[in-house]
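One structure is given here, and the rest of the page talks about it.
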Amino acid sequence: MKIAEGSSTKVSNVIGYALLAVNIDSNKGSYLDYFSPMVIECIRLSEDEYVNQGAIYKMLKENFSITLPQHVIQSILRRLNKKGFLQHDPNLRLYKRNLSKVDNTNFKEKQGQILEKHNALVSGLQEYLNTHFSQLFSREEVELMFENYLNHTVHSLVEDIQLSEDTEKEQFMVASYIKHLEGNHSHLFQYYESIFIGNMVSTAVYFTEPDKYQQKFKHTKVYFDTTFIIYALGYADKVRQEPCLELINILRKQHASLRCFQHTIDEMKDILYGCIDKVENNLPDRFGTTDIL
């Protein structure tokens, strides 16, 4: 997937979180709908006629500094297909863009409003550090300090994070600024709250399946079937392999025991040996394994 020249909307992850929060306020459906406007914008920016979850994953990261599990992106694409933003091609197993609908959104307007608030927040922090702590920081340094503060605040809710003395000092100064905004009932404090919420939702999505609560998989055995393992091993193509590997990594982090049956291994061997005959006779297979040869 290519991005049209001059059309990139790359922003820091902080702004990505703020955009996500705006979507939360304007959507009453599933949390998957919170991410849909950014996915639609990625679809709009693409120069390719067809899209898939792997390409959207990269564009979300490049343009909004937001990362989503690919199984979540796939669920979002299915929703957008039902809503008419995409049209699924069963033969190519890809989604075709509906440009007339993708182009008809107010995303750019929302992004412009967020950028104005973000610039005011960072400029205010830069001035506050100079006035109250006699500390001069560049715009880039202040931006990084705020991002670090935000990420630490959210992640410290789920894990114990040790900070260096210098980092603790920076955290304290940014926290002082946030407290200042709250005490003065500044509209920028509401903006900070929206960023915080967006970060929490973006982080939480890695601990859940779509529309389900978190589950711990310790002492749980997960058995993979033939198709999944063929895809995970890369015998089909990268688009099919990446979400499988991502799921495996998530399950490992949740301490699941990953398994397959012996008859699954035997079936895989038969399929791969059968591919030799199909390649020689120019025949397709239902796993897509011969498509990349």
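The values are calculated or read from the model by the stated rules, or taken from the named source; none is laboratory data. Here the structure is a predicted model, which means the values were calculated and not measured. Because the Cβ atoms are built from the backbone with ideal geometry, glycine has one as well, and the counts that use them run over all protein chains shown. For accessibility, only protein heavy atoms count, side chains too; no ligands or nucleic acids. Shrake-Rupley method; radii C 1.70, N 1.55, O 1.52, S 1.80 Å.
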(request) State which residue is nearest to M200 (Cα to Cα) when the search covers only region 60-107 and only residues that are modelled with pLDDT of 85 or more and of a type in the set (G, A, S). (result) S75
(message) One residue is enough: does region 88-98 have a residue meeting the conditions under 17 Å from P243 (Cβ atoms), in a helix (DSSP H, G or I) and free of Cβ contacts under 8 Å to residues at least 12 places away in the same chain?
(response) no
(message) Report every pair of residues separated by at least 6 positions or lying on different chains whose Cβ atoms are under 6 Å apart, first residue within region 106-117 and within 15 Å of V39 (Cα to Cα), second of a type outside the set (V, I, T) and surrounded by 11 or more Cβ atoms within 10 Å (Cβ to Cβ).
(response) F107/P37; F107/E41
(request) Identify all residues within region 236-268 that are more than 14 Å from Y223 (Cα to Cα) and either in contact with a strand residue (DSSP E or B) (Cβ under 8 Å, 6 or more places away or on another chain) or among the basic types (K, R) (or both); write none if there are none. (result) K238, R240, K253
(request) Filter region 204-228 down to residues that are assigned to a helix (DSSP H, G or I) and open to solvent by 30 Å² or more (accessible area, probe 1.4 Å) and give me whichever is modelled with the lowest pLDDT. (result) F207
(request) Answer yes if at least one residue in region 43-64 is in contact with a Gly (Cβ under 7 Å, 6 or more places away or on another chain) and open to solvent by 10 Å² or more (accessible area, probe 1.4 Å), and no otherwise. (result) no
